[in-house]
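Report on one structure; see the data block that follows.
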Amino acid sequence: MKFKPAIKPYTGAAGGWGALESTTRYVFDSKKVLSNLRNLMRVNKGRGFDCPGCAWGDDNHSTFSFCENGAKAVTWEATRKAVEPEFFAKHSVTTLREQSDYFLEYQGRITHPMRYDRATDRYRPVSWEAAFALIAEHIKAMDNPNQIELYTSGRASNEASYLYQVFGRMLGTNNFPDCSNMCHEASGVALKQSIGVGKGTIRLEDFEKADAIFVFGQNPGTNHPRMLHSLRHAADRGARVVSFNTLRERGLERFADPQKPLEVITTKAGRISSAYYQPNLGGDMAAVRGMVKVLLERHRLKLAAGEPGLFDQAFLDQNCEGVEAYFDAVDATSWDHIVSQSGLSEQELREAATIYEGAERVICTWAMGLTQHKHSVPTIREVVNLQLLFGQLGKPGAGLCPVRGHSNVQGNRTMGIDEKAPAALMDSLAAHFNFTPPREKGHNTVEALEAMLRGEVKVLIALGGNLAAAAPDTDRTAAALQACDLSVQISTKLNRSHLLPGKDALILPTLGRTELDMQATGSQFITVEDSFSMVHASEGVGKPISDMQRSETAIVCGIADAVLGTRYLDWMALAADYNLIRNHIEATIPGFHDFNARCDIKGGFYLGNAAAELRFNTPGNKAHFSSAPLPDAVIPMPNGEKAPFTLQSLRSHDQYNTTIYGLDDRYRGVYGQREVLFIHPQDMAALDLKEGELVDIETIWHDGVERVVTGFKLVSYDIPRGNLAAYYPETNPLVPMSSFGDGTHTPTSKSVPVVIRRSEQRDLRRIA
Ligand SMILES: Nc1nc2c(c(=O)[nH]1)N[C@H]1C(S)=C(S)[C@@H](COP(=O)(O)OP(=O)(O)OC[C@H]3O[C@@H](n4cnc5c(=O)[nH]c(N)nc54)[C@H](O)[C@@H]3O)O[C@H]1N2
Ligand SMILES: Nc1nc2c(c(=O)[nH]1)N[C@H]1C(S)=C(S)[C@@H](COP(=O)(O)OP(=O)(O)OC[C@H]3O[C@@H](n4cnc5c(=O)[nH]c(N)nc54)[C@H](O)[C@@H]3O)O[C@H]1N2
Ligand SMILES: [Mo]
């Protein structure tokens with residue numbers, strides 16, 4: 001594809017024509033038009049396959065929920081372009097490293113297992129048996145089981161990830177770094193502390209009953225397009241949708257339903273947000289605190305007038321703990337602090353509080369804008385506090401909704417991909433499989449990379465994902481990956497992680513979610529869990545491009561069998577019949593009774609959520625208010641220094657994490673390029689810079705490491721002054737590995753202290 005760089009503000013609604021046009025472009029570009037379309041029509045229908053796009057739930061009322069970005073994910077996977085052994089013979093790893101992320105994945109699907117040959121700097125084909133034997137050899141050579149890191153990316157099925165963690169624990173390690181550590185970790189930690197369960201409390205239907213929906217730090221128009229349907233329907237029936245987002249995001253403003261042809265071709269698009277607030281990056285805790293300060297004031301006035309207060313006193317008395325300490329914390333927080341940190345005026349926060357107060361049933365949703373900061377846990381707990389005050393839990397149309405990322409990231413955790421080694425899970429694995437699982441905490445993603453840098457890791461296995469581009473501090477991450485004795489990447493497509501091999505390295509080509517998974521006992525299906533704790537079956541339909549590819553489940557079994565043999569389990573029997581895996585899941589993971597039988601339920605089955613029924617699995621069995629003070633600064637710097645700018649790294653419309661589908665970001669008006677920096681026009685003027693000029697961005701982090709990216713084009717944008725935005729993964733070199741969330745270790749990808757200056761590099765940047 002050719003790309004012509006341009007900046008053109010987008011004036012349409014989200015969805016609508018633009019989405020249709022863009023989807024067909026991807027469908028037709030992937031050279032497999034008919035079966036692509038057929039695939040597309042089957043997503044989320046009948047058994048079919050679960051959309052590999054995002055973790056939003058399925059709406060069982062409409063037959064086919066159209067989503068542009070889900071369509072991209074499907075067609076991207078279903079491409080007929082192949083990366084065959086000849087490709088690797090032609091290109092050395094060093095030359096491939098010069099290529100963009102877009103180029104790498106665009107080459108197509110990997111067809112053969114490949115092993116890195118250091119002498120020729122090329123990958124060469126290897127048999128599956130030799131690959132498994134090599135892995136076994138390296139693992140058996142380890143001095144202790146914690147010299148392995150087992151990374152997981154959130155597309156892996158329940159079946160594959162369950163066996164993967166059982167395998168790791170049988171080896172003796174809890175080193176399970178995963179993409180969640182860089183993503184919604186803070187949601188799990190915060191919700192667990194506050195309400196005893198680390199998952200959202202609502203179900204998809206609740207959106208039909210809410211009177212107000214508060215959307216914090218999330219861009220559903222791009223990342224969860226099907227959520228726009230829920231928001232739009234809610235707005236249409238009069239519910240208030242209130243957005244808190246540092247940027248003006250088109251999808252939160254207007255949305256044309258592609259299933260309503262009239263809206264697509266006319267300008268009848270529906271409005272989504274009835275109020276839109278643009279806090280500073282990291283300013284949401286202050287914003288919510290401000291809202292509560294207003295509400296507390298009104299509550300007290302009512303009480304003083306002898307009326308019932310504003311808050312749900314019965315709910316608080318019955319279910320909660322710590323509300324008085326929280327009120328003290330609110331009283332101790334000054335308006336100055338709230339206004340300067342949030343960047344919102346007292347007036348705006350009073351208005352937001354009024355909308356909140358006027359709604360009987362409220363849902364709060366959030367994503368990376370809340371989770372990727374240093375103080376993400378207290379921020380999310382502040383949102384929970386607000387909801388608890390009004391008893392917005394345990395009733396229809398109300399609750400808490402962290403909107404997950406990868407399509408099965410929530411299921412991965414349920415299946416035991418968790419470095420924290422939950423005691424109950426360890427007990428049940430021990431009893432069921434008759435072995436002694438390790439109990440000490442293992443490594444999360446940042447800890448795993450640090451261990452690699454210290455030379456402590458012999459083997460890295462990655463069940464999907466692309467650590468090289470997803471992790472912070474790109475150079476240090478590259479060094480970390482290369483420090484392993486053996487790195488094994490289980491992948492669908494070529495990516496940067498393959499080009500930073502350990503001393504030895506394997507690429508194992510795997511089937512995708514959309515493809516037929518034929519095993520010894522016949523065609524297999526897998527299961528996944530969405531953001532609403534619904535578990536459903538997913539069965540691929542597409543014919544695999546190569547008969548050398550294996551399913552993730554079969555690969556995990558192949559590795560485990562080569563390393564452990566049949567000492568604990570007959571792995572190859574499990575690979576032949578996934579029903580047997582589900583029997584083990586049923587026996588060891590709560591909520592999965594009659595698992596195989598319930599896989600036939602159309603639309604899946606609900607795992608349940610104790611907090612949604614007002615049962616709190618916390619000390620004292622109550623919901624706990626957090627009374628954390630507002631942090632002095634969103635990014636604490638030595639000597640109280642304040643960086644001139646705070647940068648967030650986010651997604652464009654044409655990407656799926658490190659997978660770059662194309663170089664457009666339609667709703668933000670950016671075309672044919674990715675190295676852009678969104679900035680307030682007055683900030684540009686103050687620095688004597690102009691739109692279109694190139695700048696270098698440098699992190700201020702005082703640890704002796706230089707972190708700079710160069711040649712980013714300035715784009716004037718509706719964003720509060722002092723805040724900047726640019727795309728991930730291009731800006732990952734700026735995120736320090738040592739800057740992470742308290743209690744989460746999640747890199748602070750949404751608050752990086754930076755300076756910018758006119759670029760010395762005047763030439764035009766390369767375009768893929
Ligand atoms: N098409 C597509 N779908 C995806 C993905 C994808 O890459 N492409 N990725 C998947 C994954 S893994 C995830 S985790 C989700 C990510 O979904 P999102 O969280 O929506 O992803 P980001 O692009 O990181 O967007 C962050 C949004 O929060 C805003 N924001 C950033 N910082 C702050 C802040 O401090 N306060 C407030 N109020 N707003 C802030 C940004 O302006 C932006 O709108 O999407 C999933 N779905
Ligand atoms: N600066 C910055 N960094 C971030 C973020 C940010 O907002 N800013 N977001 C973070 C977030 S939220 C996340 S979730 C992580 C994502 O981190 P990862 O999950 O590690 O990255 P992905 O880009 O989703 O992985 C893409 C690769 O997965 C492989 N793949 C695709 N489908 C399949 C499949 O079905 N099976 C297997 N085995 N492999 C498959 C392909 O080879 C593809 O190249 O990145 C994090 N990093
Ligand atoms: Mo994510």
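The values are calculated or read from the model by the stated rules, or taken from the named source; none is laboratory data. All values reported here derive from a predicted model rather than from experimental measurement. Note: ideal-geometry Cβ built from the backbone for every residue, glycine included; neighbour counts use all protein chains shown. Surface areas here come from the heavy atoms of the whole protein model, side chains and all, with no ligands, DNA or RNA. Shrake-Rupley method; radii C 1.70, N 1.55, O 1.52, S 1.80 Å.
Remarks
- Mean accessible surface per residue for segment 298-368, computed with a 1.4 Å probe while every protein chain stays in place, in Å²: 49
- Taking amide hydrogens as placed 1.01 Å from N in the peptide plane, the amide H of Ile272 sits under 5 Å from those of Arg254, Phe255, each at least 5 positions away in sequence or on another chain.
- Sequentially through segment 731-739, phi angles give Karplus couplings (6.51, -1.76, 1.60; θ = phi - 60°) of 9, 4, x, 8, 8, x, 4, 8, 10 Hz, Gly and Pro residues having no value and appearing as x.
- Loop sites in segment 180-241: chymotrypsin sites (Phe, Trp or Tyr not before Pro), DSSP, at most 12 other Cβ within 10 Å: none
- For Val383, the shell of other residues with beta-carbons less than 14 Å away shows a net charge of 0, using +1 for Lys and Arg and -1 for Asp and Glu.
- Computed [θ] at 222 nm, deg cm²/dmol, the chain (DSSP H ≥ 4; -39,500 (n - 2.57); rounded to nearest 500): -10000 deg cm²/dmol
- Binned Cα-Cα distance frequencies in segment 185-402 - 10 Å width, integer %: 8, 34, 38, 15, 4, 0
- Between segment 707-753 and segment 499-517, the alpha-carbon center distance in angstrom: 29
- Nonlocal amide H pairs with Gly416, under 5 Å, H built at 1.01 Å: none
- Phi-derived couplings, Karplus 6.51 cos²θ - 1.76 cosθ + 1.60 at θ = phi - 60°, listed residue by residue for segment 160-172: 5, 6, 4, 5, 4, 6, 4, 4, x, 6, 5, 5, x Hz, with x used for Gly and Pro.
- Dipole in debye (nearest 20) - the chain, about Cα centre, beta carbon charges: Lys, Arg +1; Asp, Glu -1: 1760
- Taking the C-alpha atoms of the chain, convex hull volume expressed per residue in Å³: 152
- Kirkwood hydrodynamic radius of segment 187-262, from the reciprocal of the average inverse Cα-Cα distance over all distinct pairs: 13.7 Å.
- Along the chain, longest interval not containing exposed GluC sites (Glu not before Pro), exposed being DSSP loop plus at most 12 other Cβ atoms within 10 Å: 99-439
- Cα gyration tensor category, rounded, prolate or oblate, for segment 645-758 with a/c compared to 1.5: oblate
- Note, ³J(HN,Hα) from phi for segment 366-373, Karplus 6.51, -1.76, 1.60, rounded to Hz, x at Gly and Pro: 7, 9, 5, x, 9, 8, 10, 10
- Size of segment 121-261 as Cα extents on the principal axes (Å, biggest first): 64, 40, 29
- Accessible surface of the chain, 1.4 Å probe, proportion on carbon and sulfur as whole %: 52
- Contact order, relative form, for segment 185-402: 32 percent (alpha carbon pairs under 8 Å, 6 or more residues apart, mean separation divided by residue count).
- For segment 136-197 versus segment 364-439, the inter-centroid distance based on Cα atoms is 15 Å.
- Percent of Cα pairs exceeding the 21 Å cut-off, where the set is segment 523-597: 37
- Projecting the Cα atoms of His112, Thr379, Ala431 onto the dipole axis of the chain, where Lys and Arg carry +1 and Asp and Glu carry -1 at the beta carbon, places His112 farthest toward the positive end.
- Across segment 645-758, C-alpha contacts under 8 Å between residues 6 or more apart give a mean separation that, scaled by the residue count, equals a relative contact order of 37 percent.
- Amide H within-cut-off set for Val695, under 5 Å, with H built and near neighbours excluded: Gly711, Phe712, Lys713, Leu714, Ser759
- Once the 1.4 Å probe is applied to the protein heavy atoms, segment 645-758 comes out at 29 Å² accessible per residue.
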